[in-house]
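The next block holds one structure in the form of structure tokens; read it before the comments.
The values are calculated or read from the model by the stated rules, or taken from the named source; none is laboratory data. Computed from a prediction, not measured in an experiment: that's the story for all the values here. Here Cβ is always computed from backbone atoms with ideal geometry, including for glycine, and neighbour counts include all displayed protein chains.
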Amino acid sequence: MNAPAQALHDRVAAVVALSASRLPAARHKLVEGVAHEYFARLDAEDLAERTPEDLLGALLSHLQLGQSRQRGKPNIRIFSPTSSEDGWWSKHSVIQIVNDDMPFLVDSTSLEINRQGQTLHLIVHPILQAVRDADGQLQSLTPRNRASDAPASDAPRESWMHIEIDRLLDDAQRDALAAGVEGVLADVRAGVRDWHQMLTQLQQAIAELDHAPATLPKDVVDESRAFLQWLADDHMTLLGYRQQDLVRDAKGEVALRMVAGSGLGLLDEAGNEAVSATFSALPSQARELAAAPLPMLVVTKSNTRSTVHRAGYTDYVGIKRYNAQGEVIGEHRFIGLFTSTAYSARVAETPLLRGKVGAIERRAGLPPGGHLAKALDHVLETYPRDDLFQIPDEDLYETALGIVALGERQRLRLFVWRDPF
């Protein structure tokens, strides 16, 4: 056992010994059973800053929070512990959470904490298996098998998060943070809950392309199908879905109306308008694009910042729906986040982009293997991936060739293009 591991073992042993000397037998047994898992990822610096008394106090506080909980609902407590009120002390404010275990909890919660201007000082995040009775009362709590990541029992896995942040100044800060964290956890739950259904809807949209109207070019249909299958192959984290019908209002203007009952994840029915107000506010060019048969897919950024997993605006993929005559009658709308593998994939292996980039290279007509051809290939391969999906072909051609020219004669240039949205 190396020195840091030995220090951790010794400090947790001191916590367990303190528990044995102070707590009733049943309570001590609970502490003894989870203490090593609870503190397993503390490093030497974190250990040195905290006494066994304060470590035990933090664990007991968390156990008290998790004593009663209904599945599907998080328990959240935000406080600034003091020895007089809590029996232990920290120079930081503390967020303690007990929630059903699911992906994206830590990064999404951290994202919200940072969004509210707080600094993270410590994250303790054990995964524990909890047996609860019908009323949600805790009956037993055991560590998972960390060596194999396999469950130690059939008990449901719970995420127990202990997070330390800057000491909060007042109740208003605490209440805002509590509301924000609760909202983020609800978003994570919605996205994870409906993920399989969203994937099913994506596969259904792919299947619909097998019956695309004959008026649509076959190569466009095939490439659209390939792109959607690429998304389904772990290149997009799906966070929301809804189906939209294309309708015309009393003035004859195009509008999108949500199909009742179709919303999933972050685009479920709650709090969403039947007729998209954001669509009606779009520039006329964007509304015309939605009603035009081509392109079949719209890949862009939404106007909604992600609250789940990663900061930034969510990615938007609109898949047009057609009648037998090839007229647009609506769309399948997905929002989510392209995965890291989507950003690292070679352009030549990415549907939609490979055709766009290939057309640029053919149009440029540079001698294959030559210096300028290699420079153009490098520009297109390293071009910001989000922009590469969204930029019109003509703008990409002018920008890419302009960047290549800068390699021959370095000077300052600004390249801009107009987003129809």
Of the residues Arg41, Arg50, only one is in contact with a Ser or Thr (Cβ under 9 Å, 6 or more places away or on another chain), modelled with pLDDT under 95 and basic (Lys, Arg); which? Arg50
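Name the residue, out of Gly358, Gly326, Gly330, that is touching a residue at least 60 places away in the same chain (Cβ under 8 Å) and over 16 Å from Val299 (Cα atoms). Quick ask: steps written out before the conclusion?
Details: Gly358 fails: touching a residue at least 60 places away in the same chain (Cβ under 8 Å); Gly330 fails: over 16 Å from Val299 (Cα atoms).
Only one candidate qualifies: Gly326.
Give the number of residues within region 337-372 that are part of a loop (DSSP other than H, G, I, E, B) and surrounded by fewer than 16 Cβ atoms within 10 Å (Cβ to Cβ). Walk me through how you get there before you give the answer.
Going residue by residue through region 337-372, those that are part of a loop (DSSP other than H, G, I, E, B) are 339, 345-346, 350-352, 365-370.
Filter again for surrounded by fewer than 16 Cβ atoms within 10 Å (Cβ to Cβ), leaving 346, 365, 367-370.
The number of residues fulfilling the criteria is 6.
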Subset of region 157-208 (residues that are of a type in the set (Val, Ile, Thr) and more than 15 Å from the chain's Cα centre (by Cα)): Ile163, Ile165, Thr200, Ile206
Enumeration of residues in region 150-206 that are under 18 Å from Gly66 (Cβ atoms), of a type in the set (S, T, N, Q) and modelled with pLDDT of 95 or more: Ser159
Quick one: is Asp187 assigned by TED's automatic domain parsing to the domain that holds Gln64, buried (at least 19 other Cβ atoms within 10 Å of the Cβ) and in contact (Cβ under 8 Å) with a residue 12 or more places away in the chain? yes
Is it the case that some residue within region 32-45 is of a type in the set (Gly, Ala, Ser) and closer than 15 Å to Glu164 by Cα? no
State the number of residues belonging to region 105-128 that are in contact with a helix residue (DSSP H, G or I) (Cβ under 8 Å, 6 or more places away or on another chain) and of a type in the set (D, E, K, R). 2
Condition first: closer than 27 Å to Ala134 by Cα and touching a residue at least 40 places away in the same chain (Cβ under 8 Å). Can you find one or more residues in region 35-43 that meet it? yes
I need every pair where a residue in region 218-238 that is surrounded by 15 or more Cβ atoms within 10 Å (Cβ to Cβ) has its Cβ under 7 Å from the Cβ of a residue that is acidic (Asp, Glu), sequence separation at least 6 or different chains. Met236/Asp315
Buried (at least 17 other Cβ atoms within 10 Å of the Cβ) and not in a helix (DSSP H, G or I) - does that describe any residue in region 26-47? yes
Those residues that are modelled with pLDDT of 95 or more and either outside any loop (DSSP other than H, G, I, E, B) or of a type in the set (D, E, K, R) (or both), I need them from region 246-278; list them, please. Leu264, Gly265
Among the numbered conditions (1) modelled with pLDDT of 95 or more; (2) closer than 17 Å to Pro420 by Cα; (3) of a type in the set (Ser, Thr, Tyr), tell me where Ser284 comes up short. (1)
Conditions (1) in a strand (DSSP E or B); (2) at pLDDT below 95; (3) among the charged types (D, E, K, R): number failed by Arg77: (2)
